[in-house]
Amino acid sequence: MGATTIGALIGAGIDSMSGDDGNADGAIIGAITANVLKVVVPMAVTYAIGWAVLRGAAELKDQVFGEVKA
């Protein structure tokens, strides 16, 4: 199952718990949220890994060459 379908099912399930109206608006919001998360989560993970690598490289440089004071 695709992320969009799962997001729509989860959104519809959450929306039906309120008991107001149909599940269509919850399914639409869930599908849109799933598509946004498919883009945002990999970007956030990539940024975090890149930051950690740069931080580690700076620490390694400081250990090898000594800390440079600005």
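So here's what we get for this one:
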| item | result |
| --- | --- |
| Positions within the range 15-41 being modelled with pLDDT of 80 or more and more than 20 Å from the chain's Cα centre (by Cα), in sequence order | none |
| Positions within the range 31-70 being hydrophobic (A, V, I, L, M, F, W, C) and not in a helix (DSSP H, G or I), in sequence order | Val68, Ala70 |
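The values are calculated or read from the model by the stated rules, or taken from the named source; none is laboratory data. Computed from a predicted model, the values in this text were never measured in an experiment.
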